[in-house]
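The values are calculated or read from the model by the stated rules, or taken from the named source; none is laboratory data. Just so we're clear, the structure is a prediction, and the values are computed from it rather than from any experiment. Positions of Cβ are backbone-derived with ideal geometry, glycine not excepted, and every protein chain shown enters the neighbour counts. Please note that ligands, DNA and RNA were not included when accessible areas were found on the heavy atoms of the full protein model with its side chains. Shrake-Rupley method; radii C 1.70, N 1.55, O 1.52, S 1.80 Å.
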Amino acid sequence: MGNQATRPLILLLLLTLLMVSFVIPAAALEPAAQPAPTREPAFEQEILDRLSAINPGAVPIFQLATQSADNNDLQAARQGFEQVLILAPDFPDALRRLSYVEAELGEIESALQHAQQAYALDDNPYNETALARALIATGQRNKIREALTHAQAAVAAMPDDDQANLILLMAGAAYEDEDSIRQATTNLLNVAPQNPVTHYYAGLLAAMDSQWEKAESELLLAQELGMPAEEVQAVLSQDISSQARLYRWLRWGEYAVGGWLGGLGILLLFGLVLSQATLATVQRAIDQSGAVGQLSVSRGEQWVRSLYRLVIAGTSSYFYVSIPFLILTVVAATAGIFYLFLQVGRIPVRLAIFVGLSALYTLVAIARSLFTRVKEGEPGRLLAPAEAPALWALTDEVASRVDSRPIEAIYVTAGTEIGVFERGGVAAKWRGLGQRCLILGLGALPGLTEGQFKAILAHEYGHFSNRDTAGGNLAHQVQRSIHHLAYRLATTGQARWYNPAWLFINGYYRIFLRVTLGASRLQEILADRYATLAYGVKNMVEGLRHIVRQNLLFNMQLNQEIGEAVQQKRPLQNLYMLPTIEPGPQQQDLDEAFDKAISRPTSAYDSHPAIKDRIALVQHLKQGDDQPGDAKPAASLLPTLEQLQKEMTTLVQNNLRRST
C-alpha cells in the first residue's frame with residue numbers, strides 16, 4: 001500500500017542519514033568500532049609494530065593522533081597523522097586515518113588523495129573501505145559507482161566486519177543500489193545487532209517493502225539503543241507510524257473477521273452433525289417402539305433436543321454478535337473505495353455519491369432490522385365453544401388421549417392449514433401456561449374424516465407435549481430481523497453481490513435454516529409418533545395425504561374461481577362449494593403435482609420431513625386400528641359451517657378488492 005510512492009522517500013532518507021553519518025568520529029570507522037569508539041588491541045599493536053620497524057619515533061605521535069581522532073579533536077588528529085607521514089612517508093595506516101579525519105573536516109579532495117595513496121600502497125580491505133568512503137563523499141555519481149565496487153569487494157573479503165558493511169550500505173544508498181543496501185543491512189543485523197544505526201536502516205528498508213509494523217518496530221528499537229529520538233520520530237512521522245497503525249487495525253480486523261467466520265462455520269458444522277444425529281436418534285426410537293410404542297420422549301431424543309436448543313440459541317445470538325462486524329465491514333469497504341479514489345488522484349463524483357448513499361442505505365437497513373417487532377394480531381375468526389360444541393369436545397378428547405392440556409382458543413381461517421401455536425410471554429410458555437390455540441383452515445375440511453382429523457390434531461398436541469411451542473422467541477425474532485433486512489436491502493436497490501450486508505444475510509440465513517430446520521424436522525417426526533401411537537397408522541397416513549392433496553386442489557379451484565370472477569366482474573362463489581375438478585388436463589395436472597409432492601425427498605432446508613419420509617416412519621410403527629366413528633366427516637363438527645364458509649369467502653373477496 002503506497003509502496004512505489006514511498007520508495008524514493010525512503011531512499012532519500014537513507015542517503016540523508018548516511019551523509020550525516022560522516023560526522024561520526026574517524027576512529028569509529030576503524031576496525032572493531034562500537035557505538036562508543038574503541039580499539040582492538042591486537043589490531044592496533046600490529047599497526048604499531050609495522051610503524052616501529054620504519055621509525056620508532058613516529059609511534060607515540062601516531063598513538064596521540066589516534067586518541068585525538070577518538071575524542072573528535074580532528075585538527076589535532078590531522079596534525080599528528082601528517083607528522084607521522086613526515087617521519088614514516090607513505091605509511092598506509094597513517095594515510096588511511098588521515099583520510100578519515102579529512103573527510104570529517106570536509107576536505108574531500110585531500111581525503112580522496114590520501115585514501116587512494118593508502119590503497120595503492122596496500123590493497124587490504126581496510127584501505128579499500130576507506131577509499132570507498134572517500135569516493136562516496138565526493139558526491140559524484142561515477143566516483144560513487146567506483147566506491148560501490150570497492151565496498152562490495154571489502155565486504156566480500158570481510159563479511160563480518162561492521163564498518164565494511166556500513167560503507168557498503170552508504171555506497172548502496174548513494175548509488176540507489178537496493179541489492180547492496182539489503183545485503184549490508186542483513187549483515188549488520190548479524191554482526192552489529194546492538195548498533196542503533198543497523199536497526200535504523202532495517203526500519204527504512206522495511207518501510208520500502210511496505211512492512212510498516214516491522215519498520216516501526218526497528219526504528220523504535222534504534223531509538224531504544226541510542227539513536228537520537230528526534231531523528232527516529234522524524235522518519236516515523238513520514239507516514240510510517242500511521243501506516244503501521246492502519247495495518248495493525250487491519251490485522252486485528254482480519255483476526256476478528258476470521259474468528260467471526262470461523263464461529264459461523266462451527267455453528268454450521270454443529271447443525272450438520274445434529275441433523276444426522278436427529279434422524280439416527282428418531283429412527284432408533286421408532287425401531288424400539290414397535291407395536292407398543294410409548295408417547296414419552298426417549299433419553300436419546302431428550303439429549304438431541306437439549307443440544308439443539310443450545311445450538312439454536314447460539315446461532316440466533318450470533319446474528320446480533322455479527323451486526324458490529326457487519327457495520328464495520330460496510331464502513332471499511334466504503335472507506336477503502338474513497339481511499340482508492342484519493343490514491344488515483346481523482347474522485348468520480350457520481351460514483352462517490354452512489355457509494356456513499358449505498359453505504360448509508362445499508363447501515364440504516366441494518367439498524368432498523370435490529371428493532372423489528374411484529375404485533376401479534378388475531379390469526380383468524382375466533383370460534384366460541386357454543387358455536388361448535390362437538391369440535392371442542394373432540395379437542396378435549398384428543399388432549400386426554402395424548403395426556404396434554406387442551407386447546408383454549410380455536411381460530412377459523414380461509415386456507416387449508418391446520419396447526420397450533422402458543423400465546424403469552426416467554427416465562428409463561430416455559431412453564432407451560434401459555435394460551436394454546438388451534439388454527440383450523442376451512443379449506444382442509446372437504447373429504448377429511450374425523451379419524452384423520454384426530455390424528456392431525458394429536459400431531460399438533462404432540463408439539464405442546466414436547467414443548468415445541470415454548471421458547472424459540474429469540475430464533476423467531478432473528479428470523480424476522482433477517483427478513484426485514486433482506487427486504488430493506490432489496491427495496492432500496494442494495495441487494496447486490498458486492499454489498500457485504502447482502503452477502504452476509506444470504507450466507508447466514510442458509511446456516512440459520514440448516515440449524516433451526518433440523519430441530520423443526522425432529523419436532524415433526526416426534527409429533528407424528530404421538531399421533532400414530534394414539535390414532536393408528538391409517539388415520540395418520542391418510543390424514544397426511546389428504547392435507548397435501550386438498551391443499552393442491554383448493555388452490556387450483558381458488559385460482560380458477562378468482563380468475564373467472566375477475567373476468568366476469570362478479571362476486572366470488574362459496575369457495576368451499578366449488579365444482580370438483582373434472583377428468584381431463586386439470587385432473588392430470590393435479591395428479592402430477594400430488595405425485596411430485598408425495599415423492600420428493602427431504603432437503604436440508606425443509607421445516608418438515610418430506611411426506612414420503614414421514615409416511616415411511618409412521619408405517620414402521622404398525623400401531624393401532626381405526627376406531628368406530630372414524631369415517632364420519634370432520635366438517636360435521638361445525639354446525640355453523642355454511643355461515644363460516646360465507647364469512648371466509650367474504651374475507652377473500654375483500655382482500656381481492658384491496659389488492660386490485
Next item on the list: Scan the stretch 86-108 residue by residue and report those that are in contact (Cβ under 8 Å) with a residue 24 or more places away in the chain and open to solvent by 60 Å² or more (accessible area, probe 1.4 Å).
Entry: Leu87, Asp90
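Please work out if Ala610 is within 30 Å of Ile511 (Cβ to Cβ), at pLDDT 80 or above and open to solvent by less than 30 Å² (accessible area, probe 1.4 Å).
yes
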Check: Mind checking whether some residue in the stretch 339-351 is part of a helix (DSSP H, G or I), farther than 25 Å from Gly265 by Cβ and open to solvent by less than 40 Å² (accessible area, probe 1.4 Å)?
Finding: yes
Checklist line | Qualifying residue in the stretch 102-109 (condition: of a type in the set (Gly, Ala, Ser) and on the phi > 0 side of the Ramachandran plot) | finding: yes
Check: Does any residue of the stretch 314-322 turn out to be in a helix (DSSP H, G or I), within 33 Å of the chain's Cα centre (by Cα) and at pLDDT below 80?
Finding: yes
Check: Restricting attention to the stretch 209-241, which residues are surrounded by 16 or more Cβ atoms within 10 Å (Cβ to Cβ) and of a type in the set (A, V, I, L, M)?
Finding: Ala215, Leu219, Leu220, Leu221, Ala222, Leu225, Met227, Val232, Val235, Leu236, Ile240
Check: Just wondering, is there one or more residues in the stretch 539-550 that are more than 47 Å from the chain's Cα centre (by Cα), assigned to a helix (DSSP H, G or I) and touching a residue at least 40 places away in the same chain (Cβ under 8 Å)?
Finding: yes
Note to self: Being crowded, with 24+ Cβ neighbours inside 10 Å and out of contact with any Gly (no Cβ under 7 Å at 6 or more places or on another chain) narrows it down to one residue among Leu489, Leu522, Leu513; which is it?
What the structure shows: Leu522
Next item on the list: Using the structure shown, decide if Gln283 is closer than 27 Å to Arg401 by Cβ, modelled with pLDDT under 65 and surrounded by 13 or more Cβ atoms within 10 Å (Cβ to Cβ).
Entry: yes
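Residues are listed down the side, and each one gets a yes or a no for (1) open to solvent by 30 Å² or more (accessible area, probe 1.4 Å); (2) among the hydroxyl-bearing types (Ser, Thr, Tyr); (3) at pLDDT 90 or above; (4) over 24 Å from Val618 (Cα atoms):
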site	(1), (2), (3), (4)
Thr395	no, yes, yes, no
Phe421	yes, no, no, no
Gly424	yes, no, no, yes
Arg431	yes, no, no, yes
Gly434	no, no, no, yes
Leu438	no, no, yes, no
Glu450	no, no, yes, no
Gly462	no, no, no, no
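On the basis of being modelled with pLDDT of 90 or more, β-branched (Val, Ile, Thr) and within 39 Å of the chain's Cα centre (by Cα), does Thr149 make the cut? Explain how you work it out, then say what you get.
Working: modelled with pLDDT of 90 or more: yes; β-branched (Val, Ile, Thr): yes; within 39 Å of the chain's Cα centre (by Cα): no.
Judged against the criteria, Thr149 is not a match.
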Item checked: Residues of the stretch 157-185 classified as part of a helix (DSSP H, G or I), over 15 Å from Ala130 (Cα atoms) and open to solvent by 20 Å² or more (accessible area, probe 1.4 Å), total -> 5
